[in-house]
Every structure is written in C-alpha cells, then in structure tokens.
Amino acid sequence: MKDLLKTVIIQNGNFIAEILPNYGAAVNAYKYNEQNFIDGYASLQEITQQQYKGVILAPFPNRLAAAQYNFENNTYTLPINREKENLALHGLIYNEPFEIIQQVDNELTLYYLYDANEAGYPFKFSLTINYILHKSGRLEIQSYIENLGSSMPFGLGWHPYFQLDVNVDELELAFPPSDWVILDEQKIPTGNLDPYEIDGDFLIMKNQHFDDCFALRKGQVNQFKVRSKQFDLIIQSPSLADFAYFQIYTPPSRTSIAVEPMTCAPNAFNNGMGLKVLGPNEKRRFTYSIQALRR
C-alpha cells in the first residue's frame, strides 16, 4: 500500500499548500506563516475516522440514493458505502492515488485514470488536477475531466474542512442569495427549494448548525467568505457554470466548517439537478480557489 500521508508541498512567499497525491488528491494544509486554514489529517488513524477531508469527489459528489441510477435506459447499481442511509457517498475516487505529472515550486499537477472497472459506473474518464499557489496566496484548483468512452453522467466536488484561529462559534459567514435545497431525512433533495438570504452582510455562526445544500442563483457572484477577527478566507469560483451548488457543514466538534463546492446537487444522477452529461471525447474544466487574507 502506498503511503497515504505522503505530502507534496508547493509554496509561494509566506503561503504553503500541502497535497496528498496518494489519498484522493486531498488538500491537507493551506498555510499563511504558522496559521493553517485546512483541518486535514495528521495520522492514518484520522483517515479511518473521517475518510473524506479535503478530497476530490468524482464522478459524483455527496449522496446517491439507494446507490442506483438510470442513464440512457440502463439501470446501474454502485456499492453502498453508507449503510445506515442505504446509499453511495462521495463518488469512487476519494481514497484513490493520483500520479504526479509535474511539480514546481508553486504548482503541482496530478492525474487519475478511471478505467471503468466498477460495473455500476462503466464510463472511462481521466481527471487532471492542477494546483497553483499564486503570489497573492490564492490557491487555485483547476480540474480537467476528459471522457474517454461513451456518453457519461458526471459530477465533481471538493470536500474541504476550513479552520481559522478561533472556534466556529466565533466566526462569521457570508454567501450570496441562494436557494436552500430541501433535503429529506437521508439528506436527499425532495425537489423543493426555499429562498435563503442572510440578514445583513454576514451570518454570525454562534449556535448555527448546518448540513445543508444551497443552489446559487444566476447573476450572483460565486463567492463565500468565512471570517474571524484576524482573517478572511474566501472560497470562490469564476462562474456558476463551474460550481452552482455548495454544501455547508458544521461538524459537532465546532473546530472547523466545511464549505464544499459542487457542480451538482446530491443525488444528481437521479434528479438531474446540475448533472453534467459528457459526450464521447468531451473535455470540461472546472475551477475554484481559496484565498486567505489578514484583516
């Protein structure tokens, strides 16, 4: 077994990013000087306790109800990895090793080939992840998906847990006017949306509890901001065509907050909410970034 915690470091000035190529291309740290803004893994034991921190989620993020879907008049069944809810969770490659294609001081390129080896997803594709740490400290994450076979359903997500210098209760959160995706008890969309807008510029996180999906509205800037008294952390994408959905989750520990960009909603293979269908040999690019700023 490859060393799951093998770390590749890229750096630009006082900013450092640490990537785990052998475990889902996870961003395991993003630092400004000594302040780390990512709640990552420090040991293999932590991976067994929480498998999804910082990893890339493909060919679907979040949940797939009953681990089944229909595509082009065929029904497919994937392994259930969330037995309590009877569903498939977070795709097929979150714990897979990526190949290092290129590494320079401030840039890293990783590659993964999915060889259609799972009967429930018999669609061959490649995924190239390019991490660029800019001089400003902005960590840009470019994802290139290439369909290497017949038409395929596809979704992409990222599963970071962000931490600042204080407990979540002392943070504030800002995001654009959105539609709250109503979920059932299994966290599967019901098909209903409710308008959701923050009262004021920032939502005070004290006593706020999230495990919710939001659909960003057309015409809005795709930007989320988490702030403490010392830092701003900005999570954004250049276009809703890239990431039109976000999941927000506050773990019980209240030491971090997950703000998860997704190209589609949970269960998109069944409900079609944001689902991408790639034709033979089609290529797509999806980009998002994080930026830490001292206030």
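Tabulated data
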| item | result |
| --- | --- |
| Inter-residue pairs, beta-carbon under 6 Å, first of a type in the set (D, E, K, R) and in the stretch 170-192, second assigned to a loop (DSSP other than H, G, I, E, B), 6+ apart | E172/F202 |
| Any hit, the stretch 204-223, residues being in a loop (DSSP other than H, G, I, E, B) and under 30 Å from S150 (Cβ atoms) | no |
| Residue pairs meeting the criteria (Cβ under 7 Å; at least 6 apart or on separate chains; first farther than 15 Å from S126 by Cβ, in the stretch 87-100; second open to solvent by 10 Å² or more (accessible area, probe 1.4 Å) and of a type in the set (G, A, S)) | L87/A65; L87/A66 |
| Segments classed as strands (runs of 3 or more DSSP E), wholly inside the stretch 24-82, with at least 3 members that are buried (at least 23 other Cβ atoms within 10 Å of the Cβ) | 26-32 |
| The stretch 168-190 - residue that is part of a loop (DSSP other than H, G, I, E, B) and in contact with a strand residue (DSSP E or B) (Cβ under 9 Å, 6 or more places away or on another chain) and, of those, surrounded by the fewest Cβ atoms within 10 Å (Cβ to Cβ) | D184 |
| Failed criterion for G149 (all others in (1) open to solvent by less than 50 Å² (accessible area, probe 1.4 Å); (2) of a type outside the set (K, R); (3) part of a strand (DSSP E or B) hold) | (3) |
| Neighbours by Cβ (under 8 Å, 6+ apart or cross-chain): first from the stretch 265-276, at negative phi; second open to solvent by less than 40 Å² (accessible area, probe 1.4 Å) and β-branched (V, I, T) | A265/V181; P266/V181; P266/I188; M273/V181; K276/T263 |
| Qualifying positions in the stretch 227-268 - closer than 19 Å to L203 by Cα, part of a loop (DSSP other than H, G, I, E, B) and open to solvent by 20 Å² or more (accessible area, probe 1.4 Å) | K229, Q230, P252, R254, T255 |
| Set L275, L203, L193: member being within 16 Å of the chain's Cα centre (by Cα) and either more than 21 Å from A66 (Cβ to Cβ) or surrounded by 13 or more Cβ atoms within 10 Å (Cβ to Cβ) (or both) | L275 |
| Tally, over the stretch 100-143, of residues that are acidic (D, E), farther than 24 Å from P79 by Cβ and exposed (fewer than 15 other Cβ atoms within 10 Å of the Cβ) | 1 |
| Identity of the residue in the stretch 11-27, of a type in the set (A, V, I, L, M, F, W, C) and under 20 Å from the mean Cα position of the chain (by Cα), that ends up farthest from H159 (Cα to Cα) | I16 |
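The values are calculated or read from the model by the stated rules, or taken from the named source; none is laboratory data. Everything quoted here is computed from the prediction, not taken from an experiment. Glycine also receives a Cβ, built like all others from the backbone with ideal geometry; neighbour counts cover every protein chain displayed. All accessible areas refer to the heavy atoms of the entire protein, side chains included, with ligands and DNA or RNA removed. Shrake-Rupley method; radii C 1.70, N 1.55, O 1.52, S 1.80 Å.
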